[in-house]
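What follows is one structure encoded as structure tokens, with my remarks underneath.
The values are calculated or read from the model by the stated rules, or taken from the named source; none is laboratory data. Because the structure is a prediction, the values reported are computed rather than measured. Here the Cβ is made from the backbone with ideal geometry for all residues, glycine too, and neighbour counts use every protein chain on show. These area figures cover heavy atoms from the full protein model, side chains too; ligands, DNA and RNA do not enter into them. Shrake-Rupley method; radii C 1.70, N 1.55, O 1.52, S 1.80 Å.
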Amino acid sequence: MNAQKNVLGGEMNKTLLPEYVLMSILTLFSFGPQYFTSLSYTMNQMVIQNDLNLSTQVMLLPSICTNLAFSLGLPFGRLLPMKYGTRKIYLTFIFIFIGGTLINILSWGILPLTIGRSIQGLSAGVLFLTILPHSLRSYPNKFRNLFLMFAIGGLFGCSAVGAFFGSLSLSISEWRWIFLLNIFSSLICLVIGFKILPKTKPELNSGSTRNIKGIFLFTLLIMALILPLYNLQENGFTSNKVWPFLVIALLLGGLFIAFDFNAVDPLIPIRSLWSAKTVSGTIMALTAHVALIVAIAGTNGFLRNILDPPFIYISYFYLWFFAGLMASGVVCTLLFDKWGAGRLGMMGSIIVIIVSMQWRAIGPQASLTGIYVQMACIGVGISMVLISGALGTALAGDIHKAVLRSTSLHSMRMLLGSIAGPVIGFFAYRMHAIHYEDVRGEISLLNPEINSEMAGLVRYFINDGHTLTEAKSMAYSSMVVDSQKGALLGAYHDLFTILLILGIIMLLASIGKTVTGKGRSLVQKERHILLPAPPDKSNKRGKYV
């Protein structure tokens, strides 16, 4: 019975908190800081850039490397515990994560910062699938739907909280303290991990690390993507710094899939996703992950470059996003077993579609309160689709192969997200340039409307005490600034159009998931087995007297 109570198969000392609560803490504070740090880095990038005297282009390198390193570490989170045991791998990579964090804290330039962030990403990727399946299994059957609240509110919430603290660091112009929070969370993992993780024997003596060719090809693929993704925004797809490396990465990806798909011991068991139930859920999760990147990039850019409110209001914006995530957690916890992943995904997709249609027409006159509410709705919609798709995929089919399906889905999801970020950045940069050329062309032609507006600005500045020459110069500068903002707004509208398209894809995938059936429930109905009555002679009193 003791072995059954412990999902890791070993003895666990009596603790004050239930096992599933402690396992949730171990999960949240192990790879959650990676999400936290990534979003905070996006927000306070300007502070780091000024402190280390770096260029905007160079600042992209740590983000790209940490995301790719996370993708590289994910499949090893399933393999390494099989060979060495969960406890040993978990505690080892927590120490590695602390090492990467210390490098970040002491960074004096782009090289140590990139190395530190890459170490953090790799270790967090390994920790993700080392502990997450055990966390789900640690929940008692009758409380297992609470895992959805934890997954959405906890793991997604780390991103929102990271953005919140990143906004705070902008206000105080300090950034190293963000990484100190990572140290604190890792120490909590070490203390609890040493206490509750049992010293069990590995599940396999050899493990799937025998697949050396698959590991080698996947590692080469990750490394081949660094340079083209780094140079993409500044140089475009046609640059010699981009397209040759993308071709190499594409060839390596094809070789990896061809080899790993037919391997006896695949690194990423893609074959496990080859069914109608799993394909639709996978599309839901992948599309929702990209939609989250697009939504955060578009809204963050709109707030900072168009509305330009004080930093504290941006912090409020991400608190509303977090509130939406928590609301989504409540809804999924209550309705996942009743509705299934497909219907929940349809609800979330419709919310995303409605908000994205509103954002396609958003302008400088938009109220912050309205944007707060809309971002909360985006948090509800996207997280609902992503978690429903991911969990629906894991539970579709043989439950003993759920970890294989999760490994494949999350590996694909994170790799796609690592690529999508720079591609979206390039798209926004390109569309801004196109819109700016259009607006500047209108100004140079001096059509009657533009000419009238320019004359009005000149009169305004003359009445303000400036000379005619100064007034003309200031009026033209003002027109240029307005044109730049107009071009940026057009680029953000294009991003929100992409968000709309992604919402439609999510809706179609959710409908497909619904058509294929609700699937396995998180909370299983308990079956009461009636034992046969004892034979009559056993009830004779005289036999026992």
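Can you bin segment 220-333 into rounded, prolate or oblate? Criterion: square roots of the alpha carbon gyration tensor eigenvalues sorted a ≥ b ≥ c, rounded for a/c under 1.5, prolate for a/b above b/c, oblate for the rest. Oblate shape, in that a/c is at least 1.5 and b/c is the bigger or equal ratio. Here the peptides 49-62, 273-286 are ranked by packing, the mean other Cβ count within 10 Å, and the order with the highest first is 273-286, 49-62. Which of rounded, prolate or oblate describes segment 259-325 when judged by the alpha-carbon gyration tensor and an a/c cut-off of 1.5? Prolate is the answer for segment 259-325, as a/c is 1.5 or above and a/b outweighs b/c. Taking packing as the residue-averaged number of other Cβ atoms within 10 angstrom, the listed peptides 109-119, 384-394, 406-416 run from highest to lowest as 384-394, 406-416, 109-119.
Over the heavy atoms of residue 95, what accessible area does a 1.4 Å probe trace out, to the nearest 10 Å²? Approximately 110 Å² for this residue.
Taking θ as phi - 60° and the Karplus parameters 6.51, -1.76 and 1.60, the scalar couplings of segment 144-149 work out to 5, 5, 5, 4, 5, 4 Hz in sequence order, x denoting glycine and proline.
Computed FRET efficiency, Cβ-Cβ of residue 429 and residue 243, R0 22 Å: what is it to the nearest 0.05?
FRET efficiency, residue 429 to residue 243: 0.80.
Across segment 40-49, rounded Karplus estimates of 3J(HN,Hα) from the backbone phi angles (6.51 cos²θ - 1.76 cosθ + 1.60, θ = phi - 60°) give 5, 5, 4, 6, 9, 4, 5, 5, 5, 4 Hz, Gly and Pro being marked x. Between residue 400 and residue 308, the contour length at 0.36 nm per residue exceeds the Cα-Cα span by 28.0 nm. Average accessible surface for segment 223-320: 46 Å² per residue, computed with a 1.4 Å probe over protein heavy atoms with every protein chain in place. Shape index of segment 481-526: Rg/Rh, with Rg the Cα radius of gyration and Rh the Kirkwood radius from the inverse mean 1/r over Cα pairs, equals 1.43. Oblate is the label for segment 104-166, because the ratio a/c of its alpha-carbon gyration tensor axes (a ≥ b ≥ c) is 1.5 or higher and a/b is not greater than b/c. Distance between the pseudo-spin-label points of residue 141 and residue 88 (7 Å out from Cα toward the beta carbon): 3.4 nm.
Among 64-76, 236-248, 423-435, the peptide with the highest mean count of other Cβ atoms within 10 Å heads the list, and the full ranking is 64-76, 423-435, 236-248. Entry comment: accessible area of segment 59-181 is 31 Å² per residue, from protein heavy atoms only and a probe of 1.4 Å. Take residue 401: with every protein chain present and a 1.4 Å probe, its accessible area is about 110 Å². For the residue pairs 241/485; 401/518; 142/277; 213/513; 142/338; 213/241, the C-alpha atoms sit more than 23 angstrom apart in 241/485; 142/277; 213/513; 213/241.
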